[in-house]
Structures are given as structure tokens and as C-alpha cells.
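Have a look at the structure below, then the notes.
Here, each number is a calculation from the coordinates, and none is a lab measurement. Quantities reported herein were computed from a predicted structural model and do not represent experimental measurements. Methodologically, a virtual Cβ is constructed for each residue, glycine included, from the backbone with ideal geometry; neighbour enumeration extends over all protein chains shown.
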Amino acid sequence: MGTADRDAREIRGKIVYYGAAGAGTSANLLFIQRKLKREHRGELKRLSTRDGVTSYETLPVELGAVRGFKTSIQISSVPAAAQAAALRRQILEGVDGIVFVADLRPERHSATTAALDELRKHLASYGRELENVPLVVQYNHRDQADENAVERLHRLLPLRQASCFDARADEGMGVLQTLTTLSKLVLVELRKTLDESPEPPSRAVVREVEEVEPLGPPTGEVTASYEEMPSAGAAKGFAVESAGPVDGGGSEISIPVRLIDEATGRRVEIVVRIAIDAL
């Protein structure tokens with residue numbers, strides 16, 4: 001399903017064109033690639049399996065901005081080979097919208113109904129139902145069927161109400177209408193993804209300090225060495241005087257103090273540092 005990257009401010013969705021062999025899924029992508037301006041699409045790529053037997057196409061398309069987020073969809077067709085069922089299932093993983101390309105040619109009706117059954121089965125393997133995925137039905141090869149072909153085939157397909165378009169994908173008839181209609185449905189779901197995705201946690205600003213002390217009695221640091229004072233004799237006490245200007249920058253006050261032993265005349269300088277909590 002659609003992903004929202006809040007850091008990159010991008011939303012990415014996925015549309016898959018699904019149908020039986022020869023229905024026209026690849027023809028749709030080829031026409032879309034030809035008609036969209038270069039600034040609105042990327043390069044159409046044909047991807048092959050390791051054995052080179054099966055291949056499918058992908059085309060990235062830009063949809064503009066949704067609430068300031070760059071929004072794009074990856075459009076993929078599915079490979080038609082019978083042995084590629086597992087790959088078709090894999091391509092459907094996380095799909096946001098599906099174009100089911102129904103082949104109107106009478107001889108292909110049974111293959112079309114089988115493709116729809118397979119589509120439902122693959123979605124169920126991901127715990128999803130076709131009724132809960134944005135869907136557009138395209139009735140392709142309109143020029144090779146009579147005027148009642150759409151009604152006959154529609155009765156064979158157990159589909160809920162969905163937007164439907166007649167098409168001649170090789171000539172472009174109905175191709176852009178199909179894509180535009182489904183893109184609008186997908187955008188609605190992508191907006192929901194954006195609403196439901198959590199905001200990234202705010203990044204705390206870390207400020208480094210030399211020491212962080214709980215506010216309490218000031219502590220002193222001795223900045224000069226001195227000899228141990230003799231204990232003999234009556235102590236006359238200490239005189240205290242300033243040893244320099246007070247530094248009050250930041251969240252700490254530094255007070256240089258000079259202590260003078262009145263008995264011996266010896267002097268010691270210390271710096272008293274007081275941490276101040278912000279009010």
C-alpha cells in the first residue's frame with residue numbers, strides 16, 4: 001500500500017494493470033509513456049525474470065503535490081505467461097489501485113474471467129479483497145467486438161460497481177481516461193495514508209556543559225597549590241577578599257576568591273562556581 005515519507009516529504013503509490021494474455025496491459029503503458037510529458041513520467045522499463053522467459057513493464061508517473069508532499073505512482077503491467085502466476089501475485093503486493101483490462105473479443109471471454117478469478121485469489125493471499133481496492137475496468141479491443149459485447153462480458157464478470165471505459169489501447173482510445181480516473185481514486189487513499197502516518201518524533205536539542213550539578217550549596221575548586229598548614233597554635237581564622245572580576249555568562253557564575261590565613265599570612269585562591277537553573 002501507499003507509503004508516506006515525512007522526512008523526504010514524498011508519497012509513493014502503486015497501480016497495476018491486470019488482465020489475460022493479449023488483453024492490452026502493455027499497450028496501455030506504452031501509450032501512457034508516449035503521451036505524458038517527460039517531466040511527468042520516468043523511463044518505461046521492461047523487466048525480465050532470470051530465465052528471460054517472462055517480462056513485464058513498469059512506468060513511474062509524477063502526480064504533483066499533495067499537501068506539500070511530492071506524490072508519485074509506479075504503474076506496472078503483469079506478465080501474461082501461464083507459468084508467471086507467482087510473479088503476477090508478487091507484483092500485486094502493496095497495490096493501491098488496479099485497472100482490470102477485459103478483452104472484449106468473444107474468443108477471449110473465458111480467459112478474461114479466469115484472469116479475474118486469479119486476481120481475486122492473489123489479493124486474498126495478502127488478506128485483501130477486490131471490493132476494497134480502488135478499481136477501474138477497461139473493456140479493450142472495442143473495435144473487434146459487436147455493440148453488445150460489453151454488456152455480455154460484464155454479466156460474466158462478478159464485479160462490484162466500478163468505473164468502466166471502452167478502449168482501443170493500441171490507438172490510445174480510453175487509455176488516459178482510465179488512468180486519470182483511477183489516479184484520482186488512489187490519491188484519495190494516499191491522503192488517508194498521510195493522515196494515518198505518525199509525525200516523526202521531534203529531535204531534542206542537546207546542549208553540552210562541563211558539569212551539571214543539582215542546585216545546592218556552592219562548591220569550590222582550588223586553583224592554586226599550597227603547603228599543608230601547621231596545626232600548632234591557636235587559629236586566628238581567615239580573611240576573605242576578591243581575587244578578580246565575577247564571570248556571570250551562561251548558566252553559571254564564577255567567583256574568584258582569595259583566602260588569607262591571618263596567623264601565617266599564607267594566601268590561597270579558589271574559584272566558586274554556582275549553577276543557576278533557568279527560570
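Rounded to the nearest Hz, the phi-derived 3J(HN,Hα) couplings of region 131-148 under the Karplus curve 6.51 cos²θ - 1.76 cosθ + 1.60 (θ = phi - 60°) are 5, 10, 10, x, 9, 10, 9, 10, 8, 9, 6, 4, 6, 10, 9, 7, 5, 9, where x marks glycine and proline.
Neighbours of residue 183, meaning other residues whose beta-carbon lies under 13 angstrom from its beta-carbon, give a summed charge of +1 when Lys and Arg score +1 and Asp and Glu score -1. Within the shell of other residues whose beta carbon sits under 14 angstrom from the beta carbon of residue 43, the net charge comes to +3, with Lys and Arg scored +1 and Asp and Glu -1.
Around the amide H of residue 243, modelled in the peptide plane, lie the amide H atoms of 257, 258, all under 5 Å away and 5 or more residues distant in sequence or on another chain.
Here region 3-196 is treated as an ellipsoid with the same Cα gyration tensor; its semi-axes, largest first and in whole Å, are 26, 18, 18.
Under a 5 Å amide H cut-off, with hydrogens placed 1.01 Å from N, residue 41 pairs with 62 among residues at least 5 apart or on other chains. For region 260-266, 3J(HN,Hα) computed residue by residue from phi via the Karplus equation (6.51, -1.76, 1.60; θ = phi - 60°) reads 10, 6, 5, 7, 10, x, 5 Hz, glycine and proline entered as x.
Applying a threshold of 25 Å to the alpha-carbon distances of 37/192; 14/35; 35/184; 14/45; 70/192 flags 37/192 as lying beyond it. The phi-based Karplus calculation (6.51 cos²θ - 1.76 cosθ + 1.60; θ = phi - 60°) puts the 3J(HN,Hα) values of region 66-75 at 10, 6, x, 9, 5, 10, 9, 10, 9, 9 Hz, whole numbers, x for Gly and Pro.
Which whole number in µm²/s is D for region 1-44 by Stokes-Einstein, with the Kirkwood Rh taken over Cα pairs at 4 °C and 1.567 mPa s?
Translational D for this selection: 102 µm²/s.
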